[in-house]
Amino acid sequence: MQTDSVKQTMALPAQLKKPSSRWAQLKRELYRNRHYYILMSPYMILFFLFTVIPVVLSFLLSFFYFNMLEFPRFIGWDNYSRLFLNDDVFLIALKNTLLFAVITGPISYIACFIFAWIINELSPKIRAIMTLVFYAPSISGNVFFIWLIVFSGDSYGYLNGFLMRLGIILEPIQWLQNEDYVLTIVIIVQLWMSLGTSFLAFIAGLQNIDQTLIEAGSVDGIKNRWQELWYITLPSMRPQLMFGAVMQITQAFAVAEISIALAGFPSVNYAAHTVVTHLIDYGTIRFEMGYASAIATVLFLLMVGTNKLTQKLLRKVGE
């Protein structure tokens, strides 16, 4: 018993020295890598000032009533209870946003990879041309306004004129003013414009795959291109796959500009209303900043949760 007590008393100074030694080790590590931290500091300062602080303040403000004129008044969970229990338009927007995410997210993600995989097999010159063709819609700003001509509600609209010429319809259909069609049209346009940054990331990832891995795989029993894709290509592209997933998730949940341009603001019977357009309504028109912050917080949690789920699925690639 005495030996045990002596050992404990001797161990105490060592335990007391651990925090200080860890702190000293941290200071040495910071000093050793000071040049890297100095180079990173401008970005980290801007990121902290314009991303971290606004997100934290938005979360805190969601528990207040704030109309930009009066001093914020604490109301607890009232904004969230109002959001889910009394705001029918938000529930419509949430349903539409989840529908957007479920349809456009996976489809555009898979389409980006398939097109990148096919184009990567082409010759360098043709590959460069095809890459520009597929990436152009995402960088062309308001190019989606061409869809206003396609789905115009008069007989001069391309789709109405084509269907009337074939005798399928007898009179023009108001595509963008009919709640049965407008959401589907916005989804189609969103899919068309979603082949952007993720597509380029996948092209870059495919270009950087170590060819020796493919040769080693053929020796180890890889029999066809599908096995090569699953066991070699996809595991080698995990960083690009993760980046593409984050970009597609952000685009799927942040649909607003296309919906407003095509369906109007608000759309007919809120058929194409999304969480972001709801946020714009309360944040920039009604100036109910506390309520808008609650909407933004819910959207942020949806994005984070979906991102975590996607990360878990991508870790299983190649297993």
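The values are calculated or read from the model by the stated rules, or taken from the named source; none is laboratory data. Keep in mind it's a predicted model, so treat the numbers as computed, not measured. Virtual Cβ from ideal backbone geometry, glycine too; neighbours counted across all protein chains shown.
Listing for the model above:
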item: Residue that is surrounded by the fewest Cβ atoms within 10 Å (Cβ to Cβ), among those in region 225-240 that are under 15 Å from Gln207 (Cβ atoms) and of a type in the set (Ser, Thr, Tyr); result: Ser236
item: Test result for Ala272, assigned to a loop (DSSP other than H, G, I, E, B), over 30 Å from Leu206 (Cα atoms) and small (Gly, Ala, Ser); result: yes
item: Conditions (1) within 24 Å of Ile209 (Cβ to Cβ); (2) out of contact with any Lys or Arg (no Cβ under 9 Å at 6 or more places or on another chain); (3) surrounded by fewer than 17 Cβ atoms within 10 Å (Cβ to Cβ); number of the one not met by Arg315; result: (2)
item: Flag for Val189 being closer than 30 Å to Ile260 by Cα and either surrounded by 15 or more Cβ atoms within 10 Å (Cβ to Cβ) or at pLDDT below 85 (or both); result: yes
item: Leading residue by the ranking (farthest from the chain's Cα centre (by Cα)) among those in region 205-224 that are outside any loop (DSSP other than H, G, I, E, B) and surrounded by 14 or more Cβ atoms within 10 Å (Cβ to Cβ); result: Gly217
item: Asn178 of a type in the set (S, T, N, Q) and either within 24 Å of Ile107 (Cα to Cα) or more than 26 Å from the chain's Cα centre (by Cα) (or both); result: yes
item: Filter result for Arg34 (surrounded by 14 or more Cβ atoms within 10 Å (Cβ to Cβ) and over 19 Å from the mean Cα position of the chain (by Cα)); result: no
item: Filter result for Ala252 (within 16 Å of the chain's Cα centre (by Cα) and in a helix (DSSP H, G or I)); result: yes
